[in-house]
Amino acid sequence: MTKTVIITGASQGIGKATALLFARQNYDVVLAARQFDRLEATAAEIRELGREAIAISTDVKDPVQVENLIDKAIAHFGHIDVLINNASIYTLGPVEEFTLTDWQEAIATNLWGYIHTINALLPHFLERRSGTIVNVSSIGGINPIPYQVPYSTTKYAVTGLTKALHAELSPKGIQVCGIYPSFIRTHLMERGIFRGEDEETAHARYELVDKALHSPVLEKPEDVAQAIWSAVKYQRSEVLVGTAKLWTAAFHLFPSLMKSISRRVFGMKERQ
Ligand SMILES: NC(=O)c1ccc[n+]([C@@H]2O[C@H](COP(=O)([O-])OP(=O)(O)OC[C@H]3O[C@@H](n4cnc5c(N)ncnc54)[C@H](OP(=O)(O)O)[C@@H]3O)[C@@H](O)[C@H]2O)c1
């Protein structure tokens, strides 16, 4: 029987690269994100690879849309083997500049979005006594990086969610894995929330990280896709992708230095 994967945030970046890789590994794919035209373009690429793909426009913040995603996926393919929670947004700025609306947007997407899919799909996995849940976290979910507090809060929560789910569900035949990328060459900043003491500082902050994320020395979305594939194939409970190991070791060995460097880089004008 052909295996099936659901991927959120599959319209670009890591989600899209993962969808294409799973298709090359003979999976049928359910693609979810808000922008249907982008999803459909990826679905067309997957069909050209000889696999089946359906695109379902979904805002993961909305539990009703997520229920619809899971219902349609199961109705279409009959079964789901793997869920990859990946859709997220980034935040950067001094914590006092974020509004409650900014916090709510980050938590609704990055944490509730993951909970919505798990809640909707878990009965199917439990009934089959099989299934894999992959949650894409971040090095910001295992290391305290200043100036990205809402993002880090959600990613630490995803780390906790993942580890607790793993402890509970592995005896029931369900594999749970956390993926921890560092800085990856994607367009994550497109939907990011940037704040500063004024518009100019917020925009300078956006330009700083957007430029950094386009550096050719960074890892690619395909590297994270490969890490996700290995995690599913070899049933790993966590994978630190590439340089994430180095960053995490540096944060453990030199915590004050690393926090100080991050404050200098991300703090910009506000640090004085
Ligand atoms: N890039 C990095 O440096 C980096 C580092 C560490 C961890 N990560 C993690 O890797 C994952 C993927 O990031 P990426 O870099 O590939 O980002 P990306 O290029 O911005 O892709 C994010 C995807 O999420 C979707 N999305 C955003 N909000 C959504 C919502 N409310 N409902 C449904 N879909 C939504 C977007 O599509 P629509 O706008 O069409 O909905 C898009 O497909 C995220 O969890 C991120 O935190 C990235």
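Derivation of every value follows stated rules applied to the coordinates shown; laboratory data play no part. Note that the structure is a prediction, hence the values are computed from the model and not measured. Here the Cβ positions follow ideal geometry from the backbone for every residue, glycine too, while neighbour counts run over all protein chains shown.
Quick one: order Thr58, Thr2, Thr109 by neighbouring beta-carbon count within 10 Å, fewest to most.
Thr2, Thr109, Thr58
What list of ³J(HN,Hα) couplings, whole Hz, do you get for region 135-147 from phi and the Karplus terms 6.51, -1.76, 1.60, once you set θ to phi - 60° and write x for glycine and proline?
Values, residue by residue: 10, 7, 9, 5, 5, x, x, 9, 10, x, 9, x, 6 Hz.
Roughly how tilted is helix 13-24, in degrees to the nearest 10 and between 0 and 90, from the longest Cα axis of the chain?
With both axes taken from Cα atoms, the answer is about 30 degrees.
Specify the angular offset, from 0 to 90 degrees and rounded to the nearest 10, of the alpha carbon long axis of helix 199-213 from the longest principal axis of the alpha carbons in the chain.
60 degrees
Give me, ordered by chain and number, the residues 5 or more places off Ile133 or on other chains with an amide H under 5 Å from its own placed amide H.
Under 5 Å from the amide H of Ile133 lie the amide H atoms of Leu83, Gln175, Val176, Cys177, each far enough along the sequence or on another chain.
Under a Cβ-only charge scheme (Lys and Arg +1, Asp and Glu -1), can you give me the dipole magnitude of the chain about the Cα centre, in debye to the nearest 20?
Around 940 debye, computed over the chain.
Return the single residue from Glu222, Glu200, Glu238 with maximal mean-square fluctuation; model: Gaussian network over the chain, springs between Cα atoms under 10 Å.
Glu200
If you fit an axis through the alpha-carbon atoms of helix 149-169 and take the longest principal axis of the Cα set of the chain, what angle between them do you get, 0 to 90°, nearest 10?
Compared with the principal axis, the helix lies near 40 degrees.
Please work out how much length the chain gains when fully extended from Arg128 to Glu67, using 0.36 nm per residue of separation minus the C-alpha to C-alpha distance, in nm with one decimal.
Working: separation 61, 0.36 × 61 = 21.96 nm, distance 1.86 nm.
Gain on extension, Arg128 to Glu67, equals 20.1 nm.
Only Cα pairs under 8 Å and at least 6 apart count here; give the relative contact order of region 4-271 as a rounded whole percent.
This gives 19 percent for region 4-271.
Per residue of region 69-77, what does 6.51 cos²θ - 1.76 cosθ + 1.60 with θ = phi - 60° give for ³J(HN,Hα)? Whole Hz please, x for Gly and Pro, Karplus curve as stated.
My calculation for region 69-77 gives 4, 5, 4, 5, 5, 5, 4, 6, 9 Hz in order.
Output the pairs from Lys220/Lys259; Lys155/Lys220; Lys16/Lys163; Lys155/Lys245; Lys163/Lys233 with a Cα-Cα distance over 23 Å in this structure; if there are none, say none.
Over 23 Å Cα-Cα: Lys220/Lys259; Lys16/Lys163.
How big is the Cα convex hull of region 182-268 in projection, averaged over all directions, in nm²?
Working: hull surface 27.6 nm².
Its average projected convex-hull area is 6.9 nm².
What residue among Ala212, Ala19, Ala225 has the largest mean-square fluctuation in a Gaussian network model of the chain, using Cα springs under 10 Å?
Ala212
Rounded to the nearest 500, what is the chain's calculated 222 nm mean residue ellipticity when only DSSP H runs of at least 4 contribute -39500 (n - 2.57) each, over all residues? Let's see the in-between values first.
Details: 10 runs with 136 residues, N = 272.
Only helices count here, giving -16000 deg cm²/dmol.
Can you compute 3J(HN,Hα) from phi for each residue in region 104-120, using the Karplus curve 6.51 cos²θ - 1.76 cosθ + 1.60 with θ = phi - 60°, rounded to whole Hz and x for Gly and Pro?
Values, residue by residue: 5, 5, 5, 5, 5, 7, 7, 10, 4, x, 6, 5, 4, 5, 5, 4, 6 Hz.
So which residue, out of Lys211, Lys163, Lys155, gets the largest mean-square fluctuation from a GNM of the chain using Cα contacts under 10 Å as springs?
Of the options given, Lys211 has the highest mean-square fluctuation.
Rg over Rh of region 1-120, using C-alpha atoms and the Kirkwood radius, what does it come to?
Details: Rg = 14.9 Å, Rh = 14.6 Å.
Expressed as Rg/Rh, it is 1.02.
Length gain on complete extension for the stretch His79 to Gln25, per 0.36 nm per residue less the alpha carbon to alpha carbon distance?
Working it through step by step, the gained length comes to 17.7 nm.
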